[in-house]
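The values are calculated or read from the model by the stated rules, or taken from the named source; none is laboratory data. Just so we're clear, the structure is a prediction, and the values are computed from it rather than from any experiment. Cβ placement follows ideal geometry from the backbone for every residue including glycine, while neighbour counts extend to all protein chains displayed.
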Amino acid sequence: MKWHAHSDWRLSAKGNYWRNCNGVLIVVGKKKSTDEYWGLVDGKFLPDTYESLNEAKAATEAEVK
């Protein structure tokens, strides 16, 4: 698959949001046990969890930019 430099957020079949940012795959999902969101950047989970989807998206994007 050819990656573009940037893509819009998309919803995966598993219900997680993902996008390509500067050639790096970033993913945001909701924890099943709580109402918190997690972030994944290039296969590595961020150490924090987030109260909102937008907060998690911003945190994952900030790791790449």
message: For K32, only one of the following conditions fails: (1) modelled with pLDDT of 95 or more; (2) more than 15 Å from K65 (Cα to Cα). What is its number?
response: (1)
task: Please name all residue pairs, on different chains or six or more residues apart, with Cβ atoms under 8 Å, provided the first residue is in segment 36-65 and is closer than 15 Å to N22 by Cα and polar (S, T, N, Q) and the second residue is modelled with pLDDT of 95 or more and assigned to a loop (DSSP other than H, G, I, E, B).
output: T60/L46
